[in-house]
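Data first, discussion second: the structure below is written as structure tokens.
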């Protein structure tokens, strides 16, 4: 009966959640009828192969041949879009607020109520404009990504069987219970953080400043240094988003996912160390700022800067190590007994 | 299989596909389950495969043409389908349409 269960799984896995159980039940009943009491392996083979490719049968249930974004992937696509919408709104809001704060300085030069209103409106409009742009961009790239996934059949291996005569030996094993579920909330937070970070670094690096109302504005990072590292930062950022999305799609920990996650943690660590270790990372104005405000605490900044940096590197290394260990543990642990 | 045979077969399939739904509906005045219906149709020389019939039944049910009920009284649960009231109307109309088409086709084929 193993082949039967595999067959039923192969037919129903592409169907919508609500149809899956029903179709499986009916199919099982029909197949058992067709076996006419003979449960020998050869009879099972005969009946199943007469029914034909589970992929074709699945298509008949779905009633459509070509999808832009197929049912298997569609659910995830919609969920990803929802998450990214939330992310885009949050990113937009964050930049808007920072923008507002930074621009508070210019309020000094403003005299009439009209100008204040004008300035506020401009900031709001620009904020909405940014958010809109960000949302559109993400929608476009995500949709494109999923279309590519669909076309290259990256997620569906049964399609390879299309055209070939169906043999029961081709049926894939049933998926094992699978590792622990991956928290969607965690993934959302991760996406929000990464995208906000990338967004600010790429488009609004002017916001990475410390501004004291009415006073000087100190740039934190050296624009030139940051620009030099831009490809690296962008690369790691995109990698991070891809890994997070992959985790979202798969939904549960698997060996492959664990490896991917661990490798990414290491890559990210190395990249961060490279950037942070650069002696030219922090702008002169920032060290000046620290000097001005904390110098009289008796702390010698230049030497302690290096100590701060190594301290930071140690901390993130430990965090990365924990990440690697947890990933490997989650992906490779023995599954607990699944209670029906 | 030579080209001519291939073409013939594809035309025949196309011809028969059009009558499939009507054939299926005609047998559902009484409740039937998947396999019993399949056997009945095949017995009456309707060429239909299980991989076509089962999804078709499901689709017809979604369209409201058929109603279904799970029978759990036997050792094995079975899903029984039969014509709904709406399905009954559809079937009657469809049957009339078919009889009309047959008349017209026969006339054309005679004269042609």
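For region B:1-96, what is the relative contact order in percent, using Cα pairs closer than 8 Å and at least 6 residues apart in sequence?
Value for region B:1-96: 28 percent.
Sorting A:51, A:208 on the 10 Å Cβ count, fewest up front, what's the list? Write out the running numbers ahead of the final one.
Details: A:51 21, A:208 16.
Ascending Cβ contact count within 10 Å gives the list A:208, A:51.
I need to check one value: relative contact order of region A:5-64, counting alpha carbon pairs closer than 8 Å and at least 6 residues apart, in percent. Please report the intermediate quantities before stating the final value.
Details: 29 pairs, mean separation 28.2, N = 60.
Relative CO of region A:5-64 lands at 47 percent.
Hey, got the average number of other protein chain Cβ atoms within 10 angstrom for residues in B:27-38?
Values: counts 0, 0, 0, 0, 0, 0, 4, 7, 8, 1, 1, 3.
Rounded to a whole number, the mean comes out at 2.
Give me the inter-chain shielding for B:70-78: mean count of other chain Cβ atoms within 10 Å, whole number please.
Values: counts 4, 1, 0, 0, 0, 0, 4, 4, 5.
Partner Cβ neighbours, averaged per residue: 2.
Using 0.36 nm per residue, how much length does the chain from residue A:227 to residue A:256 gain when fully extended, once their Cα-Cα distance is taken away?
On the way: separation 29, 0.36 × 29 = 10.44 nm, distance 3.39 nm.
Extending this stretch completely gives an extra 7.0 nm.
Can you give the average number of partner chain beta-carbon atoms within 10 Å of each beta-carbon in peptide B:43-56, as a whole number?
Working: counts 0, 0, 0, 0, 0, 0, 5, 10, 12, 4, 2, 10, 10, 3.
The per-residue average across the peptide is 4.
Kindly put B:73, B:19 in sequence by how many other C-beta atoms sit within 10 Å of each C-beta, fewest to most.
On the way: B:73 7, B:19 13.
If I rank by nearby Cβ atoms, fewest first, I get B:73, B:19.
Quote to one decimal, in nm, the extra length available between residue A:280 and residue A:137 on full extension: 0.36 nm per residue of separation minus the C-alpha distance between them.
Details: separation 143, 0.36 × 143 = 51.48 nm, distance 3.26 nm.
Additional length available on full extension: 48.2 nm.
Kindly state, to the nearest 0.05, the FRET efficiency for residue A:322 paired with residue A:49, given R0 = 41 Å and r defined as their beta-carbon distance. Mind dumping the intermediate values first?
On the way: r = 50 Å, r/R0 = 1.23.
Given R0 = 41 Å and the Cβ-Cβ separation, E is 0.20.
If each residue's Cβ is checked for other Cβ atoms within 10 Å, how do B:40, A:82 rank with the fewest at the top?
A:82, B:40
Order the peptides B:41-50, A:53-62, B:96-105, A:263-272 from the highest to the lowest mean number of other Cβ atoms within 10 Å of their residues. Could the numbers behind the result be given before it?
Values: B:41-50: 14.1, A:53-62: 20.4, B:96-105: 10.7, A:263-272: 17.2.
With the highest mean Cβ count within 10 Å placed first, the list reads A:53-62, A:263-272, B:41-50, B:96-105.
None of the figures in this text is laboratory data; all of them are computed from the coordinates on show. Since this is a predicted model, take the numbers as computed values, not measurements. Neighbour counts run over all protein chains shown; Cβ positions are idealised from the backbone, glycine included.
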